[in-house]
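A.B. asks: Attaching a single structure in structure tokens format; questions to follow.
The values are calculated or read from the model by the stated rules, or taken from the named source; none is laboratory data. Quick caveat: nothing in here was measured; it's all calculated off a predicted structure. Methodologically, a virtual Cβ is constructed for each residue, glycine included, from the backbone with ideal geometry; neighbour enumeration extends over all protein chains shown.
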Amino acid sequence: MTSEKEKFIGELRKSISDNSFVKLQFGKYRGDDKEFQKIIVNRINLKDGERLSFNFRYNTKDVVKNFEIEQGIKLAEDVTGNDFLSGTLFTTKNDYTIDHSKKRVPSFHIKKPSFNDPEIKEHNRQKTRKINQEAEYFHLLGITTEDGNVKTGMYDKFRQVDKFIETMDSIFKTSGISEKDTISITDMGSGKSYLTFAMYDHFNNVLNKNVTVKGIEQNHELTELSNRFSVKCGFTGLEFINGNIFDTEIEKTDITIALHACDTATDDAIKKALGADSEIIVLAPCCQKYVRKKMTVPEKLKGIFDYGIHEERLAVMLTDGLRAMTLEKYGYDTRVFEFVSTDHTARNTMIAAVKNSSKIIKSEDETEIIKSEFGIDDFYLDKILKEGISKKTADEKNQ
Ligand SMILES: C[S@@+](CC[C@H](N)C(=O)[O-])C[C@H]1O[C@@H](n2cnc3c(N)ncnc32)[C@H](O)[C@@H]1O
């Protein structure tokens, strides 16, 4: 080992032992694999202890492998000046760079640290992230910089995606389909598709499922862009369809998600999910306007609900409560909970429904009692479910 390389690897070792390590990057790849670009190394905490997490970035995919610290240092030593001409070690004390000329003559440089903010260091060393921060799609979707750091102003979104994947992972693993090799997922109202990409990545690369994910989105530009990014990432099973949830015909789907699909679009998603015989239905409703217009607060409760904010919250509770109860009626074990802290988003209520074939359905429809108490004689979900699950056009719907 040259003395330059010894210094570089020595600083790597030191930064790990004194906790100043932020990340390590290798570039200027000169090996035989035309698709290979660079390696980004983070330090992570797993259940079994600390690891160096190597993200091997290719043109169309990221492959992540975790190594015990000593193994990781050995691997860093192997690639320095061999397959990679350049390596940069970021620590909170200094940035250390080793560069090699074409003739493999090394030079070692020390610069002021790019990362001296302990928050960034802590962030990069996140203990239990479910998502891969270095994934190319996060950069394409504008959440991370080219170097894989979360952009200022995008932390809340990033945390929300991470929490969502953690929640989905747990719902899936305790469901009746966790052992299936092939999984189909539909994301209704996929929007900018952060969650859709993260779901595909998680099921494909972490859970090792043969997964197909479809995003349904009415915004043409968003659909086009998401499809372009999917191709760029080499996500062959991830596709976006431009259309209205109500109009789009959905085949059998194992998992349906609809997060922040506005107002009655969540109900359209429920109907489609039931029609597609979804094993798991996960919703994060928002803008519950329909029920607010239809409900009448019982005379004896009026004092409380004369306050606008209470009336709004009542409409949210009634809408989502009735949706959850309806799913129970259709044979799903249903939970309603906050899936991410209100510090990150106010739209954080999740309805998670998992099919239970042995569920005993109550003969009395309790939703009727509640609707009658609050004078709701027009509940949108009931209306569309009564029409059956056959396809209808948006024009017909609005008549
Ligand atoms: C607030 S965004 C949420 C995106 C994504 N699900 C998330 O939570 O990050 C809602 C998206 O749903 C789409 N959307 C709303 N109603 C829809 C409908 N009926 N059919 C298809 N897309 C719809 C909107 O165009 C928008 O992009």
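A.B. asks: Would you confirm whether any residue within region 187-203 is surrounded by 16 or more Cβ atoms within 10 Å (Cβ to Cβ) and either in contact with a Pro (Cβ under 9 Å, 6 or more places away or on another chain) or without any contact (Cβ under 8 Å) to a residue 40 or more places away in the chain (or both)?
C.D. replies: Checked against the condition, which is being surrounded by 16 or more Cβ atoms within 10 Å (Cβ to Cβ) and either in contact with a Pro (Cβ under 9 Å, 6 or more places away or on another chain) or without any contact (Cβ under 8 Å) to a residue 40 or more places away in the chain (or both), region 187-203 yields at least one hit.
A.B. asks: Tell me whether region 260-276 contains one or more residues that are at pLDDT 95 or above, assigned to a loop (DSSP other than H, G, I, E, B) and either within 11 Å of the ligand (Cβ to nearest atom) or more than 28 Å from residue 179 (Cβ to Cβ) (or both).
C.D. replies: Among the residues of region 260-276, not one is at pLDDT 95 or above, assigned to a loop (DSSP other than H, G, I, E, B) and either within 11 Å of the ligand (Cβ to nearest atom) or more than 28 Å from residue 179 (Cβ to Cβ) (or both), which makes the answer no.
A.B. asks: Out of 67, 26, I need the residue that is surrounded by fewer than 17 Cβ atoms within 10 Å (Cβ to Cβ) and either of a type in the set (A, V, I, L, M, F, W, C) or touching a Gly at 6+ places or on another chain (Cβ under 6 Å) (or both). Which one?
C.D. replies: Criteria check complete, one pass: 67.
A.B. asks: Name the pairs: first residue in region 217-229 and in the same structural domain as residue 262 (by TED's automatic domain parsing) and over 17 Å from residue 135 (Cα atoms), second residue within 9 Å of the ligand (Cβ to nearest atom) and among the charged types (D, E, K, R), Cβ to Cβ under 6 Å, at least 6 apart or on different chains?
C.D. replies: Taking only residues 6 or more apart or on different chains, the pairs are 223/217.
A.B. asks: Spot the failing condition for residue 251; the list is (1) of a type in the set (Asp, Glu); (2) assigned to a helix (DSSP H, G or I); (3) more than 21 Å from residue 161 (Cα to Cα), and only one is missed.
C.D. replies: (2)
A.B. asks: Sticking with this structure for a sec: Which ones in region 206-259 are hydrophobic (A, V, I, L, M, F, W, C) and away from the ligand (no atom under 16 Å from the Cβ)?
C.D. replies: Answer for region 206-259, where residues must be hydrophobic (A, V, I, L, M, F, W, C) and away from the ligand (no atom under 16 Å from the Cβ): 206, 207, 211, 231, 233, 235.
A.B. asks: Shifting gears a bit: Scan region 12-43 for residues that are touching a strand residue (DSSP E or B) at 6+ places or on another chain (Cβ under 9 Å) and over 25 Å from residue 110 (Cα atoms) and jot them down.
C.D. replies: 31, 33, 35, 36
A.B. asks: State whether the residues of region 295-315 include one that is under 30 Å from residue 191 (Cα atoms), in contact with a strand residue (DSSP E or B) (Cβ under 9 Å, 6 or more places away or on another chain), at pLDDT below 95 and surrounded by 14 or more Cβ atoms within 10 Å (Cβ to Cβ).
C.D. replies: No, the conditions are met nowhere in region 295-315.
A.B. asks: Hey, any hits in region 180-200 for a residue that's at pLDDT 95 or above, within 17 Å of residue 141 (Cβ to Cβ) and away from the ligand (no atom under 13 Å from the Cβ)?
C.D. replies: Yes, that holds for at least one residue.
A.B. asks: Only residues that are polar (S, T, N, Q), surrounded by 13 or more Cβ atoms within 10 Å (Cβ to Cβ) and under 21 Å from residue 290 (Cα atoms): list them for region 350-382, please.
C.D. replies: 367, the sole residue that qualifies.
A.B. asks: Quick one: which of 28, 23 is at pLDDT 90 or above, among the charged types (D, E, K, R), part of a strand (DSSP E or B) and touching a helix residue (DSSP H, G or I) at 6+ places or on another chain (Cβ under 7 Å)?
C.D. replies: Residue meeting the stated conditions: 23.
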